[in-house]
Amino acid sequence: MAKITFPVEASHIMMFARAIGDTNPVYHDAAAAKETEAGGIIAPPTFPQAVAQFDPDYHLRPKPGQKWFGSGKTPSGIEGKPPSSGSLHAEHHYEYHRHLRPGDVLTVETHPGEVWEKESKRAGKLTFRERITEYRDQFGALVITVRSVGVTTERPVDQG
Amino acid sequence: MALKASSLKVGDTHSERVVENLSRTQIVQYAGASGDYNPLHHDEVYTTQVADYPSIFAHGMLTMGLTGKVVTDFVGDGTLTRFGVRFTNQVWPGDTLDAKATVLAVREKAGQHYVDLAVSTVNQDGKEVMSGSATARIDP
């Protein structure tokens, strides 16, 4: 897969921390963050996921001039059942060598991992797909590794 | 302040209510910040009529993000070396989530002290929505 350049910015970290309801000053207040053990603003542990903003081809973001599978005039903008409607997030694992700071410019690369199947009462046949993503900083050092597992279900998960 | 190995013991816990009555707006806020605009997380028409779910639901990563606060409030800023979870049930608008970190081990490796935590997040019905583990560097 193509490499993505992910510039880490203070305002983006602030917005992300707000979205996860985390008011810790280490994510938005430079002066207060300087007094913490982190020594300055850092990003919350799950911030690396926001790399999606910098993926030019990210399939879960509407793009000008392209059909979007969400609703508009009709319940879906695409005929038939969109391929991604059954995909859910099953697992997510971070390994941190250091935490991200505003000013970091990351190079992010994702590789497919293992694929396996399992039978489930609640959603039929499950297909699990693993993806390994490596985040390297502006000095080439590996800072974060993510192992993510997505699951495609045969049918929507039964809520019973 | 960093945690100290000397003041921790296996079984110690730290819990917080990480969200009360989760709003659709907060889910939208997360979509905007993370860049994940999957309609399953904000588009009720698509989600109920095309994808056949009873309602829109939260991103798994929002649950992980909300839960991350419990871990970092416990272990301190910038000390996590590992954080991994499994999403076990969906999180819906209106849910109230409580997250808990429990000390599994306090150990030393190559002169550095670490704490291993079990992490669990449950909804208002006591149903686990996410479970996992984390490791952080701590002081001696």
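Values in this text are rule-based calculations from the coordinates and carry no lab data. Here the structure is a predicted model, which is why all the values come from computation and not from measurement. Positions of Cβ are generated from backbone atoms using ideal geometry, with glycine treated the same way; all protein chains shown enter the neighbour counts.
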Residue order, fewest to most surrounding Cβ atoms within 10 angstrom, among B:139, B:77, A:104: B:139, A:104, B:77
Extreme residue, positive dipole direction of chain B, given options B:39, B:6, B:54 (C-beta unit charges): B:6
Highest average packing first - B:66-75, B:44-53, B:110-119, A:107-116, Cβ atoms within 10 Å: B:66-75, B:44-53, B:110-119, A:107-116
C-alpha center-to-center spacing [the range B:4-74, the range A:48-126] in angstrom: 16 Å
Taking the convex hull of Cα positions in the protein assembly as shown, its mean projected area over all directions (nm²): 16.3 nm²
Student exercise, the range B:5-138 dipole from Lys, Arg, Asp, Glu Cβ charges, in Debye to nearest 20: 540 debye
Sequence-separation-based contact order of the range A:4-153, relative, with Cα cut under 8 Å and 6+ spacing, percent: 24 percent
0 to 90° range, to nearest 10: angle between helix A:10-19 axis and chain A longest Cα axis: 50 degrees
Among A:64, A:56, A:45: highest mean-square fluctuation, GNM of chain A, C-alpha pairs under 10 Å: A:64
Cα principal axis extents for chain A, largest first, Å: 53, 37, 36
Given A:73/A:118; A:3/B:109; A:3/A:63, the pairs whose alpha carbons are separated by over 31 Å: A:73/A:118; A:3/B:109
Net lengthening on full extension, residue A:119/residue A:147 (0.36 nm per residue, minus Cα-Cα): 7.8 nm
Percent RCO, i.e. relative contact order, over chain B, from Cα pairs under 8 Å lying at least 6 residues apart: 32 percent
Order of A:132, B:56 - criterion: other Cβ atoms within 10 Å of each residue's Cβ, fewest first: A:132, B:56
Dipole magnitude of the protein assembly as shown, debye to nearest 20 (Cβ charges: Lys/Arg +1, Asp/Glu -1, about Cα centre): 320 debye
Kirkwood hydrodynamic radius of chain B, from inverse mean 1/r over distinct Cα pairs, in Å: 16.0 Å
Charge dipole magnitude, Cβ of K and R +1, D and E -1 - the range A:4-153, Cα centre, debye nearest 20: 720 debye
Gaussian network model of chain A, springs between alpha carbon atoms under 10 Å - residue of A:36, A:46, A:133 with greatest fluctuation: A:36
Peptide-level mean, for A:143-150, of C-beta atoms on other protein chains within 10 Å: 1
